[in-house]
Amino acid sequence: MTESSVLDLAPVVPVVVVEDVADAVPLARALVAGGLPAIEVTLRTPAALDAIRAIAAEVPDAVVGAGTVISPRNVADSVAAGARFLVSPGWTDALLDAMKASGVPFLPGVSTTSEVVALLERGVSEMKFFPAEAAGGVPYLKSLAGPLPQARFCPTGGVSLGSAPSYLALKNVGCVGGSWMLPADAVAAKDWARIETLAHEAAGLR
């Protein structure tokens, strides 16, 4: 998988918070069946690394990645667990060096023009724009396309089914990240069929 292909796997990358590792495989299967193969499991819970490990082992059609990667240790642990891409909410030189050395594609997070320029200077042109809605949303990304056309983004943070098409219409957006296809009540009820239906709806956005 090339670095840029994270942005091209699907129009939407589900951002998943796994509380119970037993949910990881059926949840991933529902998302894949709905047409969303790239799955970002955030490192926000104790179950996250085991969830990545389980999806990598048992859902071959999924491209599982790790989100909320904020340290070189997170990078190493995620790749060891089977993560095939890495996503961070922001970046530092140490974190970027670790992600570059990991051997897997990565999307470092940015929310300002200076951060974008700094990443371009380091040879990175694929980025997460976070927190998308709070940081300026569609108008902000549209304004970056003129001076910085070489940068491509995955906006994440506050993106919804309603707002996603406006982001996806931008030429500098490859995909969006979101969790609206994973409503908490559906996950709690283990209603994987509903999640598959919502994933299918999201996959049809482009």
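Only the coordinates and a few stated rules stand behind these numbers; no lab work does. Since we're looking at a predicted model, the values are computed, not measured. Don't worry about glycine lacking a Cβ; one is built from the backbone with ideal geometry, like all the others, and counts go over all protein chains shown.
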Task: Residue within the range 25-42 that is touching a residue at least 60 places away in the same chain (Cβ under 8 Å), farther than 25 Å from A132 by Cα and not hydrophobic (A, V, I, L, M, F, W, C) present - done: yes
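When you scan the range 98-134, how many residues do you find that are of a type in the set (V, I, T), surrounded by fewer than 21 Cβ atoms within 10 Å (Cβ to Cβ) and under 20 Å from S71 (Cα atoms)?
The initial filter retains those residues of the range 98-134 that are of a type in the set (V, I, T), namely 104, 110, 112-113, 116-117, 124.
Next cut, surrounded by fewer than 21 Cβ atoms within 10 Å (Cβ to Cβ) only: 104, 112-113, 117, 124.
Next, only the ones that are under 20 Å from S71 (Cα atoms) stay: 104, 124.
Residues meeting the conditions: 2.
Of V32, V6, V17, V13, which residue is under 16 Å from G177 (Cα atoms) and touching a Gly at 6+ places or on another chain (Cβ under 7 Å)? Lay out the reasoning, then the answer.
Working: V32 fails: touching a Gly at 6+ places or on another chain (Cβ under 7 Å); V6 fails: touching a Gly at 6+ places or on another chain (Cβ under 7 Å); V17 fails: touching a Gly at 6+ places or on another chain (Cβ under 7 Å).
Only one candidate passes the filter, namely V13.
Which of the residues spanning the range 139-169 are assigned to a loop (DSSP other than H, G, I, E, B) and aliphatic (A, V, I, L, M)?
Going residue by residue through the range 139-169, those that are assigned to a loop (DSSP other than H, G, I, E, B) are 145-151, 157-163, 169.
Across the range 139-169, the qualifying residues are A145, L148, A151, V159, L161, A169.
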- [ ] Can you give me the number of residues within the range 171-206 that are surrounded by 17 or more Cβ atoms within 10 Å (Cβ to Cβ) and aliphatic (A, V, I, L, M)?
- [x] 11
